[in-house]
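Quick notes on the structure that follows.
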Ligand SMILES: [Zn+2]
């Protein structure tokens, strides 16, 4: 497994006055521990590919992309829900900011390029893990839920366009439903998605239909959705195994790549209140990861991991324990 680490990647939200406990130390700690444990170099030094507008158009509507250029600040405010309807601030303290919000657009674009590189490295090495990315809530028309662009679909579609046509799977094991990924890839027969997530809570806590009677986009189903009820943690691993079998059955061909959206927010010590409805132990989190890893490895499917959600100062251990085990299994 090759590891991709970027010093200057989102989330660096504290620098922008955004008060969400997604700490930049999470990726740094994982990198430091791995470098300490494994003397052979495991950090990829490949240069990020340059993404063009066309790469972003494959996942997002032109109007949204225009807005990210003409009014980047409003796009960031919407993505992170920083301003209430009465104009007051929500989890935003401009006094604490050392950088302007508008800068985040380019940082997230850069992150999408590293996510794409992760697929290329996974193809080369069998698996690759980017200590960043995994912005699964961004839908075609807007950034949502701390996710500005959907790097998962951007990377998948670019891989199909430039490297290899073929099927791509997305396995999303973050606590929250991979709703943006499902919405953008709906009707696309070249992408199959599995999401195992909290059955209730965000983003599934709003009305299912809007005032015109249309299904709200975050309810659009993945190929395989597995909702876990609060208190059902003991069923999680079995349901994951069953879900993987269903994904394989649904898929018309063996995929050329699988992107794993590896959020650590199902962990019981995660600090974000909105992920509290799913509380896996450290051991369950590792088992969860190894079930997916071995399932794909056995089938010789390249695995590209994106870090996704994980909040507070304890979650880094969940990413580190999995990567450490994967590196040992690879030997
Ligand atoms: Zn999450």
Cα gyration tensor shape of the chain, rounded if a/c is under 1.5, else prolate or oblate by comparing a/b with b/c
rounded
Which of the peptides 52-60, 104-112 is most tightly packed, and how do the rest follow, judged by the mean count of other Cβ atoms within 10 Å per residue?
104-112, 52-60
Indicate, rounded to the nearest 5 percent, the antiparallel portion of the DSSP beta bridges found entirely in the chain.
15
Between residue 287 and residue 164, what FRET efficiency follows from the Cβ-Cβ distance if R0 is 35 Å, with the result rounded to 0.05?
0.65
Over the Cα atoms, compute the radius of gyration (one decimal) and Dmax (the largest Cα-Cα distance, rounded to a whole number) for the range 131-244, in Å.
14.3, 44
Give me the three principal axis extents of the range 259-331 from the C-alpha atoms, as integers in angstrom, largest value leading.
37, 20, 16
Less than 17 Å from a label point 7 Å out along the Cα-to-Cβ axis of residue 215: which backbone N atoms in the range 171-188 qualify, by residue?
177-188
Can you compute the modelled spin-label distance between residue 300 and residue 276, with each label point 7 Å from Cα toward Cβ, in nm?
4.8
Between the range 1-73 and the range 135-170, what is the C-alpha centre distance in whole Å?
14
Sites residue 189 and residue 38, calculated FRET efficiency, Cβ-Cβ separation with R0 51 Å, nearest 0.05:
0.80
Binning at 5 Å from 0, report for the range 1-71 what percent of all alpha-carbon pair distances ends up in each bin.
3, 12, 15, 14, 17, 19, 11, 6, 3, 1
Only residues of the range 90-124 count here: report those whose backbone N is under 20 Å from the spot 7 Å along Cα→Cβ of residue 330, or say none.
114-124
Classified through the alpha carbon gyration tensor (a ≥ b ≥ c as square roots of its eigenvalues; rounded if a/c is under 1.5, else prolate when a/b is larger than b/c, else oblate), the range 1-129 comes out oblate
Quick one: which of 295-305, 83-93, 125-135 comes out on top by average Cβ neighbours within 10 Å, and what's the full order, highest first?
125-135, 295-305, 83-93
Extension length gain for residue 61 and residue 89 (0.36 nm per residue less Cα distance), in nm, is 7.3 nm
What shape does the range 193-236 take by its C-alpha gyration tensor, where a ≥ b ≥ c are the square roots of the eigenvalues and a/c under 1.5 counts as rounded, a/b above b/c as prolate, and the rest as oblate?
oblate
Here the equivalent ellipsoid of the range 45-120, derived from its Cα gyration tensor, has semi-axes (largest first, whole Å) of 27, 16, 10
Peptide ranges 165-177, 211-223 listed from the most packed, as the mean C-beta count within 10 angstrom indicates
165-177, 211-223
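No value in this document is a laboratory result; all are computed from the given coordinates. Nothing here was measured: the structure is a model prediction, and the numbers come from that model. Quick reminder, even Gly has a Cβ in these numbers, built from the backbone with ideal geometry, and neighbours come from all protein chains shown.
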